[in-house]
Protein chains: 2
Amino acid sequence: MTTELNPLGNHLSYALAAAHRSVTQALTVRLKKHGIQIEAWRVMECLDAGTKLSMGELAKQALLNPPALSKLVDRMVSDGLVHRQIATADQRQINLLLTNLGRRRMLQVRQDVEDEDRALAEQFDTKDGALLIQLLSQLS
Amino acid sequence: MTTELNPLGNHLSYALAAAHRSVTQALTVRLKKHGIQIEAWRVMECLDAGTKLSMGELAKQALLNPPALSKLVDRMVSDGLVHRQIATADQRQINLLLTNLGRRRMLQVRQDVEDEDRALAEQFDTKDGALLIQLLSQLS
DNA sequence: TGAAATTAGTTGACTTGGAAAGCAAATTCA
DNA sequence: TGAATTTGCTTTCCAAGTCAACTAATTTCA
C-alpha cells in the first residue's frame, strides 16, 4: 500500500501540482467553447461580486500578478467584456467594470464551471469535497 | 462562518489554484538560490528513481507536456545537469540520464524541498497533511 | 509649501508554454 | 517486401507570463 510508483508522490507540492494540472486541463477544455481563459472568468466573477475593486485588489483575488492582470484586462477590453474607469478618489486607481456582454458571458461560463465542480465533487465521498477545500484554504 | 470574502472561495478549482500558487511561490523562492526551476527538480527526481524513462513517460511523471519537457531538457543539458542517450531498443526514444553534477544538485535541492514540505505540514493538524495528499491524488 | 518618498498601474525586454506541423524510426498488413 | 500508418520526440510560431524599469498621482514631512 506504500508502494510508490512515482518518487514524488509523497510531496505535497507535487500532489498539489498534479491535481491542479488535471483540474485546470479539464476546465480549460470546457471553457474553450466560450473562447475564454480561466483567469478571465475569475476576473469577471470578482467584478460581479459588487464592491468596486482596484487592479491591485483584483489581482490578489483573481490570483494574478499585476502585470499579468494588466495584459489580461487589455485583451478583455478589446473583447468587449470589461472597461476601465479611473477611480474618483485616487486618480491612479482603476475600477474595472463588466460590460453587459461581459456579464452575460460570465453567467454562461459559470454554468460550465459549476458543472465541472459537480463532476469533481462526485469523485469524493460525501463530505470530502468540502473538507478538501477547507484544507486547501489553509495553504493560501 | 459561511461569510465569503471572495465570491470564488467555494469553487474547488479556485481553492486549488490559490493553494497551488502560494505553495509554488514559496518553493520557487527557496529554489532560486540553486538557480533551478521546480519542474527541473521534478525531472531530476524522476531520473534518480532508477528505471530508465523515455521522454514520454518522464513528461507524464514530471507533469509537463512533451514540448515543454523537450525545451526544459535542452536547458538542463546546457547547464550540464542531464544528457540525452538514444535508446537501444527503439531509436526514436530518448533515455535521459543525470550527470554527476545533476545528481549532486538534486540532493541539494531535495533538502530545500523537504524543508518546505515540513513547513507546510506544520500548518495542519497531525494527520491532515497526509489526508490532503490522499484527497488530492483522487483528482489526478 | 514643495521636494522627496511612496504607491498604482503599465510597459518593454526576455523567457516559457502550448498547438500544430514536421521528421525519423518502427510497425502494420496487402 | 515495401507502401501506408503509427509512434516518439522536436521544432516552429505565437500567446502569455515574469522582472525590472517607467510614468503619474498621492502622501510625507522638513
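The values are calculated or read from the model by the stated rules, or taken from the named source; none is laboratory data. Note that the structure is predicted; figures quoted are calculated from it, not measured. Don't worry about glycine lacking a Cβ; one is built from the backbone with ideal geometry, like all the others, and counts go over all protein chains shown. Please note that ligands, DNA and RNA were not included when accessible areas were found on the heavy atoms of the full protein model with its side chains. Shrake-Rupley method; radii C 1.70, N 1.55, O 1.52, S 1.80 Å.
Brief remarks on what is shown
- Selection of first residues in segment A:83-99 that are over 14 Å from residue A:72 (Cα atoms) and of second residues that are part of a loop (DSSP other than H, G, I, E, B) and basic (Lys, Arg), restricted to Cβ pairs under 6 Å at least 6 apart or on distinct chains, gives the following pairs, ordered by first then second residue: A:95/A:52.
- Hits in segment A:61-81 - residues which are over 15 Å from residue A:45 (Cα atoms) and near DNA strand D (Cβ under 10 Å from one of its atoms): A:65, A:66, A:67, A:68, A:70, A:71, A:74, A:75
- Filtering segment A:1-25 to residues that are more than 9 Å from every other protein chain (Cβ to nearest Cβ) and in a helix (DSSP H, G or I) leaves only A:25.
- Scanning segment B:27-45 for residues that are away from DNA strand D (no atom under 12 Å from the Cβ), open to solvent by 40 Å² or more (accessible area, probe 1.4 Å) and more than 9 Å from the chain's Cα centre (by Cα) yields B:30, B:33, B:35.
- Flag: residue B:43 matches the condition of being part of a helix (DSSP H, G or I), among the β-branched types (Val, Ile, Thr) and touching a residue at least 40 places away in the same chain (Cβ under 8 Å).
- Selection of segment B:121-140 for residues being over 16 Å from the mean Cα position of the chain (by Cα) and either β-branched (Val, Ile, Thr) or closer than 17 Å to residue B:42 by Cβ (or both) yields only B:126.
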